[in-house]
Amino acid sequence: MKIGKKAYVIGIFGILLLVVSIFFVKGSSIKATETKDDPIFLEQTTTQVEETTGDNVYFSLNITSAKKNQRIFLNYPDSLSFKKEKLLEMNKGKITFIQIDHEKSQMELILEKESEKTTLYLQGTTNSEEIQTIQAISEQNRSNKLEIGKKESTIPETSTSLSEKKEVPKSRSKSAASYSDEWTEIFTAEEAIIPAGVGKELRYGFGPTDALGKTSISGNRQKQFAIPNVTFMDNNKRVQHIYHTPSAVAKPEEAGQSLWTSYGLIYAYGNNTNPKVFNTGSHITSEGYKYYKRELPNGMIIYKLTYDSVFDSKKFHVEIIMTGKTTGTVNVDYTITNIGSEKAADFVIGSMIDTELNKNDQVPVYAIGNNKGVYIKDDGDNGYKLQYLFDGPDHALNWTGKHWIQGTSAFPRDYFLNLFFNFDDSGFSALNSTGYEVENHPADKLVYVTNDINKMDTAIFMKNQPTSLDVNQGTKMTYDVTIGLSGNPPEVFIDQKDQELIQGKSDFDVTGQWSDSESKFVDLFYTLDDGEAVKFGSKVPNDMANPGKKMDWKFTLPSSALTIGKRVIKVYAVDSEGHTSEEKILNLTIKSGKATLTVEFLDEENRNINPDITLVRDVGSFVYLTKEPAVAKVVKDKLDEVYEIVSRPTPEDAIEVLENGLKVTYRFKGGIALISAPKEIYFGTQIVKAQESLIEEPVRIDGALVIQDSRATKKPWKLQARMKQELTNSNNQVVTNAIRYMYSGNEVKLNSGMQDIAVGTNVDGSPNKVSDKWSAKGDGFKLKTEIGAVKESGSYVGIIEWELLDGP
């Protein structure tokens, strides 16, 4: 196939040769993929600063819009060192690779998965007392420079001008780890604290309070240590909520028997109305319990208890997590996973808690209202109130308040497990029974009381609906529990609805109301993304002339705190008696005011022929691609490289910038062309002799002979040439067969017919400069005159015409 013809002029003075060439250029376009890298930020939280003592330093690395296999480099001073194993453990599930180069003082991290926001927690050791500077670098971004030290640090903090931080609760036994995603194994029974007013504390942990600080839970198999326990401290008086019978014990491990009347976790399956029922206890495998803890950014402690349970040819892995909340409640989360060898069909989990309150074991059960759960109150001195809440994520689906299913010395309580599905005892009659949740009792309605002396001992029952668990599949059940002084808690209300905001435009006001029917004042708090509680209203007085009246409140979140992504604001109140309101939640989705328009350039085989161009513009604006200098330059360059445009983005001059970004494509098809040839080949002035004469190379060559092949698949080409005009002087005297071309040792006499002078295949998209191979003794143009060929002196000019063909 012919690609194109070019004509060139050859001039000779004496014998001067001038060659001028004419050629055509074709062009095309290409597409590429996005290479945008997202911002990274280093910081030290308040907790991390507090933990930065001795030789240890703690800090965090935040990555927004993290990509799978994204590489991050951390540069740090010589005085700082890190342990690879420790960092991998602290960031399990977030990092797949760490390489530490102590000589360069650089660490390379590779992220495991894509995430809207990833926070890495880092711990190092230092031998310096000086402030040290750390910086993180990705492929296209640098983080801020974080200064850390054992003496002082700068901590980013978000609060209003009138705010103060709420007291941060601490566990009674100091954790070995600071706040992080890392679980630290612990071995002895302990409890954590949530402040609940002056002289008041809510405390929580696993097992009986008799065992605190002295009984080993790790490796233990007693069922009572798998029971989540919450108690209330009123000026050093402990108020239990689970029936508790402390007694002298021979060994500390036996302290668990003080909670012997509660079931803890039960498993049921099989026949709907006559199921098999098991519970925690002798079915725990010989490894016993594993006990862990960690601390949240808001200072709250999380405890985790794990164990395996085997019964009736089934095997399950159990994970129980207790999480303290700043609102004065404790969340209990059961996760049961089938690790046996076969499917578990019609499977139900549940629990029965034998309640008491302030040593009162026979207290009526009331509805909280709005299908939130049940409560028990004690009307004795001071009065206390126990609440079981079933309105959070994955909450127990069915719940009731009935009476404790008793056991005897002859028949221990496990003998009566099947009574869990006896309606008169539990309110459930089958695996698929419902509970009070279908009744939706109004607030404070008495839902269980009896004069039957054998059924006055109240208890709370809960369960899920039947499910089938494949191997390695799990199910969850959660609830919240709290204890406080009897009385009504305050209420809070938020004016704003969940909404979307544009990042950085302005600060955001959160407004609402609070009300309290009894208390003289309240403290108002908010948290942002479950961070530390910020007090924005201190001892705000109630209108005691109109108790229950709604009172306005307001706080302002600075725009700097509203980073891209989902931000969760929780607001709650604590009254003067220590009652904590239910938290109200406002979800804000912060979106970037800017977005990217990515322009890619593809060839006919969808391969990139140019790096992407990323334009950052306001969301909703329009981009005129033909007026974008970078885009226009690429298009021109590709046309110069003999590409032709197959398709353009539509509409090319009205591309709207979308919120989530947009990628558009220029699509090209490659071509092949002779893009350059010498404009002049000058052999200089020569003396005509009465013999054959050879000039092996021109005196001057103006321009190069270049073939450009931009096709996706390179194929052979063939170059031909002919004398469109033989060497001719002003008197029309002609010298024929004088212009010769040498190629690979073969001499070609150029005449009026096209002749092959070169063949080849371009190896890549780079121009093939054929003339670079010309030399006096090798390839290239020669001037050879035979005896008598030149009849008279003068300036001789000829024209060479080239033709490029596709194929050998």
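At a glance:
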| quantity | calculated |
| --- | --- |
| Sorted peptide list for 785-791, 324-330, 518-524, criterion being average Cβ within 10 angstrom, highest first | 324-330, 518-524, 785-791 |
| Helix-only CD estimate at 222 nm, as mean residue ellipticity for the chain, using -39500 (n - 2.57) per DSSP H run (n ≥ 4) | -1000 deg cm²/dmol |
| Nearest-20 debye value, region 491-591 charge dipole, Cβ charges on Lys, Arg, Asp, Glu | 360 debye |
| Efficiency of FRET between Asn370 and Gln465 - r from beta-carbon atoms, R0 25 angstrom, step 0.05 | 0.75 |
| Farthest toward positive dipole pole in the chain [+1 Lys/Arg, -1 Asp/Glu at C-beta], among Thr261, Gly794, Asn236 | Gly794 |
| Extension gain, Lys550 back to Gln99 (0.36 nm per residue minus Cα-Cα distance, nm) | 156.6 nm |
| Charged-residue dipole, Cβ positions (Lys, Arg, Asp, Glu), region 58-136 about Cα centre, Debye nearest 20 | 440 debye |
| Paired Rg and Dmax values of region 594-670, which use every Cα atom, in angstrom | 12.2, 36 |
| Of Lys68/Lys94; Lys638/Lys769; Lys113/Lys476; Lys113/Lys594; Lys679/Lys724, those spanning more than 21 Å from alpha-carbon to alpha-carbon | Lys113/Lys476; Lys113/Lys594 |
| Gain on full stretching of the segment that runs from Glu786 to Asn731 - 0.36 nm per residue minus C-alpha separation | 17.8 nm |
| Neighbour-count ranking [beta-carbon atoms within 10 angstrom, fewest first] of Met233, Met300 | Met233, Met300 |
| Overall form of region 323-364 per C-alpha gyration tensor (a/c, 1.5; a/b vs b/c) | oblate |
| Fewest-first sequence of His441, His395 by Cβ atoms within 10 Å of each Cβ | His441, His395 |
| Rg in Å to one decimal, and Dmax rounded to a whole Å, for the chain via C-alpha atoms | 41.8, 144 |
| Contact order relative to length of region 184-485, as percent, for alpha carbon pairs under 8 angstrom and 6 or more apart | 20 percent |
| Among Phe601, Ser621, Ile655 - extreme Cα towards positive end, dipole of region 594-670, charges at beta-carbon | Ser621 |
| Whole-number D in µm²/s for region 184-485 (Stokes-Einstein; Kirkwood sum over Cα pairs; 10 °C, 1.306 mPa s) | 82 µm²/s |
| Principal-axis tilt of helix 629-640 within the chain, Cα atoms, nearest 10 degrees | 40 degrees |
| Sites Lys689 and Lys773, calculated FRET efficiency, Cβ-Cβ separation with R0 30 Å, nearest 0.05 | 0.50 |
| Descending Cα extents along the principal axes, region 386-513, whole Å | 72, 46, 26 |
| Difference of contour (0.36 nm per residue) and Cα-Cα distance, Thr563 to Gln362 | 67.2 nm |
| Convex hull per residue volume in Å³, alpha carbons only, for region 618-745 | 187 Å³ |
| In nm, spacing of pseudo-spin labels at Lys520 and Ser115 (7 Å Cα→C-beta vector) | 4.8 nm |
| Efficiency of FRET from Cβ geometry, Phe423 and Glu659, R₀ 51 Å, rounded to 0.05 | 0.40 |
| Convex hull projection area averaged over all views, region 327-407, Cα basis, nm² | 8.1 nm² |
| Hydrodynamic radius of region 40-148 per Kirkwood, over alpha carbon pairs, in Å | 13.9 Å |
| Three-way shape label, region 460-545, alpha-carbon gyration tensor, a/c 1.5 | oblate |
| Whole-number Å³ per residue for the convex hull built on Cα positions in region 491-591 | 84 Å³ |
| Ranking of Val642, Val797 by count of other Cβ atoms within 10 Å, fewest first | Val797, Val642 |
| Estimated dipole of the chain in Debye, rounded to 20 [Cβ of Lys and Arg +1, of Asp and Glu -1, Cα centre] | 2560 debye |
| Farthest toward positive dipole pole in the chain [+1 Lys/Arg, -1 Asp/Glu at C-beta], among Trp404, Thr563, Gly753 | Gly753 |
| Burial order of peptide ranges 84-94, 671-681 (average beta-carbon count within 10 Å, highest first) | 671-681, 84-94 |
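Read-outs throughout are calculated quantities, based only on the coordinates presented, and are distinct from any laboratory measurement. These numbers were taken from a predicted model, which means no experiment stands behind them. Cβ: placed from backbone, ideal geometry, glycine included. Neighbour counts: every protein chain shown.
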